[in-house]
Structure formats: structure tokens, C-alpha cells
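S.K.: My structure is below; once you've seen it, I'll send some questions.
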Amino acid sequence: MVKYSCLLALLLLVLYWTVARAQHPVLDAVANKVIQRYQQSSCEQLSKQKSQPKSQQEHEALQLLRSDPQVRTAFINKVAAPIANKLFECGMIP
């Protein structure tokens, strides 16, 4: 009986993680695109991009991030480390 309870608990945990990760597939796609852009850009390109105006799509994404704290937290948790590493390599943060 204990064995089945442990198995059921493990199954529920796996199911929970699967559903939790699938809740924001669009967010994951956008975050992956942002990470890829930073990783593939040179330091000079990143510096130039910072001064350029944002596209309508970027404005909409920023508005969503500002309006939904849970989505914002998930997005920042995903992109923070790769972006910070690239900016550090480029000397754009101390």
C-alpha cells in the first residue's frame, strides 16, 4: 500500500511539473528568441540595438510583462542569466 502511495505521489509530481511548464509556451518561445538574439549578437550589435527604438511587437511584449507579475517572473527567471553573462562579457555591466 505504501509503495502504491509513493508511486502515485511521484506520478502527480511529474504531472504537475509537465502542466506547469506547458502553461506558457508562448513565453518560452519569446524568451528563447531573446536569449538567442543576445547569444548570437556581437557586443557592438548589442550596443547599437540598445539605442534603437523598439518595435510594436516588443512594446506589446513589455506591456504584457508589466501587467502580469507571474509571467514577468517566469520570463526574467529564464532570460536573466544568459543576458547578464553576455552583458558582462561585453563590459556593459560592471
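The values are calculated or read from the model by the stated rules, or taken from the named source; none is laboratory data. This is a predicted model, so every value here is computed, not measured. Cβ coordinates were reconstructed from backbone atoms using ideal geometry, including for glycine residues, and neighbour counts include every protein chain displayed.
S.K.: From the set of residues in the range 17-41 that are more than 12 Å from the chain's Cα centre (by Cα) and hydrophobic (A, V, I, L, M, F, W, C), which is modelled with the highest pLDDT?
M.R.: Restricting to residues being more than 12 Å from the chain's Cα centre (by Cα) and hydrophobic (A, V, I, L, M, F, W, C), the top hit is Ala22.
S.K.: Can you list the helices (runs of 4 or more DSSP H) found entirely within the range 43-94 that contain at least 2 residues being under 14 Å from the mean Cα position of the chain (by Cα) and not basic (Lys, Arg)?
M.R.: Details: elements: 43-51, 56-67, 69-89.
Correct list: 56-67, 69-89.
S.K.: Return the total of residues in the range 44-67 being modelled with pLDDT of 90 or more and surrounded by 13 or more Cβ atoms within 10 Å (Cβ to Cβ).
M.R.: 1
S.K.: What number of residues in the range 33-70 are in contact (Cβ under 8 Å) with a residue 40 or more places away in the chain and within 15 Å of Ala80 (Cα to Cα)?
M.R.: 4
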